[in-house]
Ligand SMILES: [Zn+2]
């Protein structure tokens, strides 16, 4: 069984996402500190923190070995995770109208609000998905969405 390595938005903390609902994130292994049934401590208040997915999956054993008495930066280096890369690609601000969580809509190629369904018109139709990736269209659209507050 493997679990995804996750980081806090600022990449100051790193953990292993072992349960999604309710969320449980194991911390770095250390000589001291309390332990869960997984043999390593876990973060408290994880629902209040925005976690960034890294796309790196590990078993609990490997997580404990890799993270043992290591700093977040050392672990990031060992796993080859680039700071901020995923964040820049995926970070979409909350809805400027209702504050709801915004997500990327693959079909419409635009960010939208999961609460009030606000969105921004996409330039779909004149470019294929391949072009979209090449030209950074997604980043462009997310940029537009994220800047919306300023134009209100
Ligand atoms: Zn909204």
2 or more residues within 16 Å of the ligand (Cβ to nearest atom): qualifying strands (runs of 3 or more DSSP E) within the range 16-108: 102-105
When restricted to 39, 27, the only residue loosely packed, with under 14 Cβ neighbours inside 10 Å, modelled with pLDDT of 90 or more, more than 27 Å from residue 103 (Cβ to Cβ) and touching a helix residue (DSSP H, G or I) at 6+ places or on another chain (Cβ under 9 Å) is 39
Looking at (1) within 30 Å of residue 112 (Cβ to Cβ); (2) out of contact with any helix residue (DSSP H, G or I) (no Cβ under 7 Å at 6 or more places or on another chain); (3) not assigned by TED's automatic domain parsing to the domain that holds residue 146, can you tell me which one residue 72 breaks? (1)
First in the range 15-40 and assigned by TED's automatic domain parsing to the domain that holds residue 65 and on the phi < 0 side of the Ramachandran plot, second anywhere and modelled with pLDDT under 90 and surrounded by fewer than 12 Cβ atoms within 10 Å (Cβ to Cβ), Cβ under 6 Å, 6 or more apart: 23/47
If we scan the range 94-117, do we find a residue that is over 22 Å from residue 137 (Cβ atoms) and either touching a helix residue (DSSP H, G or I) at 6+ places or on another chain (Cβ under 8 Å) or outside the structural domain of residue 144 (by TED's automatic domain parsing) (or both)? no
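The values are calculated or read from the model by the stated rules, or taken from the named source; none is laboratory data. This one's a predicted model, so the numbers in the text were calculated from it and none came from an experiment. Virtual Cβ from ideal backbone geometry, glycine too; neighbours counted across all protein chains shown.
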